[in-house]
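The values are calculated or read from the model by the stated rules, or taken from the named source; none is laboratory data. Only a predicted model underlies this, so the values are computations on that prediction, with no experimental measurement involved. Note that we place each Cβ from the backbone using ideal geometry, even for glycine, and neighbour counts take in every protein chain shown.
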């Protein structure tokens, strides 16, 4: 009977997800992914449904539980051996851009007065793979739905600008298809935006950018694990700060309770995909299901997020996203020039 309370919210999220996927497919150019579309549709409907309790249980279940299941399934599409097919050129650029995102993002977030969860979600979305990275890290650090919405919005707005500006800048710099592919694949955020940007330059650049982006997505694994341990450490310190003795600390702090076990499933699925010859149809089907469930989760997050609440944070998250994204663009190009790729 308890699960019956979840059904209305789950159905509403799924309907919005289907609508978002349909909108994405009818667009002449895939400028925006279905996850972002679903989130914004949800935020629009929140204005009319925020006082309705009928959907609340299901939306919470979808944004938390179903999201974690989608992340576990995502692991099967992340074959670690992909790195070998891309080469060390793009990996070197990626290392520098990731250091820029999380290193620079830490100080920029502090300067702007953002909470560490929002700051790192924006950095992860910019440095790794937009919505997928944000969605994967959010439950690991117990991020609020508002923080997820801010981070998604910040990375989305910059992506829209880069789809137009990147091909223009690439041609002005006289970049080769390979050079532009590496640049777009490491500096543009969301997968759909990377594909749109790469193929706007040339077919060869689009192919290479897509391959680089797939490799960049693998950074989710160490990043999520790292944030899991950071969150565990913070929880332990909170337990120590509120308890008086060792026995009460142990009673209030349990790794079994707070460790994000879905990460284990995510890593196991990735290892399985890397070791065993899984049919391409199974991988593509699992990836499609994972993507749809993630779109459902983002729809639920949107339904739990109001524009009025977002306004309270002001423009600071957008400034953070813009500065980090601009730094990544500059650093990626600088590393390519230093390596003689451009």
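Please find, within the range 330-342, the residue that is modelled with the highest pLDDT out of those that are in contact with a helix residue (DSSP H, G or I) (Cβ under 7 Å, 6 or more places away or on another chain) and surrounded by fewer than 22 Cβ atoms within 10 Å (Cβ to Cβ).
Taking the candidates together, the pick is 331.
With the requirement that a residue be crowded, with 16+ Cβ neighbours inside 10 Å and free of Cβ contacts under 8 Å to residues at least 60 places away in the same chain, what does the range 38-57 give you?
The answer is 56, 57.
I need the full set of residues from the range 116-159 which are outside any helix (DSSP H, G or I) and either within 15 Å of residue 322 (Cβ to Cβ) or within 12 Å of the chain's Cα centre (by Cα) (or both), in order please.
130, 138, 139
Here are some conditions: (1) surrounded by 20 or more Cβ atoms within 10 Å (Cβ to Cβ); (2) at pLDDT 85 or above. Residue 95 meets all but one. Which one does it not meet?
It is condition (1) that residue 95 fails.
So residue 175 clears everything in (1) more than 26 Å from residue 63 (Cβ to Cβ); (2) at pLDDT 80 or above; (3) in a helix (DSSP H, G or I); (4) touching a helix residue (DSSP H, G or I) at 6+ places or on another chain (Cβ under 8 Å) except one condition, right? Which one?
(3)
Please determine whether any residue of the range 159-169 is within 23 Å of residue 314 (Cα to Cα), crowded, with 24+ Cβ neighbours inside 10 Å and out of contact with any strand residue (DSSP E or B) (no Cβ under 7 Å at 6 or more places or on another chain).
Yes, the range 159-169 contains a residue that is within 23 Å of residue 314 (Cα to Cα), crowded, with 24+ Cβ neighbours inside 10 Å and out of contact with any strand residue (DSSP E or B) (no Cβ under 7 Å at 6 or more places or on another chain).
Quick grid of which residues meet (1) buried (at least 16 other Cβ atoms within 10 Å of the Cβ); (2) modelled with pLDDT of 85 or more:
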position	(1), (2)
259	yes, no
262	yes, no
276	no, no
281	no, yes
290	yes, yes
297	yes, yes
302	yes, no
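Take the conditions surrounded by 24 or more Cβ atoms within 10 Å (Cβ to Cβ), under 28 Å from residue 337 (Cα atoms) and touching a helix residue (DSSP H, G or I) at 6+ places or on another chain (Cβ under 6 Å) and apply them to residue 138. Does it pass?
no
Name the residues in the range 304-328 that are surrounded by fewer than 23 Cβ atoms within 10 Å (Cβ to Cβ), under 21 Å from residue 33 (Cβ atoms) and either within 18 Å of the chain's Cα centre (by Cα) or at pLDDT 85 or above (or both), would you?
Passing the criteria: 318, 322.
Which of (1) modelled with pLDDT of 85 or more; (2) under 24 Å from residue 119 (Cα atoms) does residue 225 not meet, given it meets every other one?
(1)
From the list 191, 126, 186, exactly one residue is touching a helix residue (DSSP H, G or I) at 6+ places or on another chain (Cβ under 7 Å), surrounded by fewer than 24 Cβ atoms within 10 Å (Cβ to Cβ) and under 15 Å from residue 217 (Cα atoms). Which is it?
191
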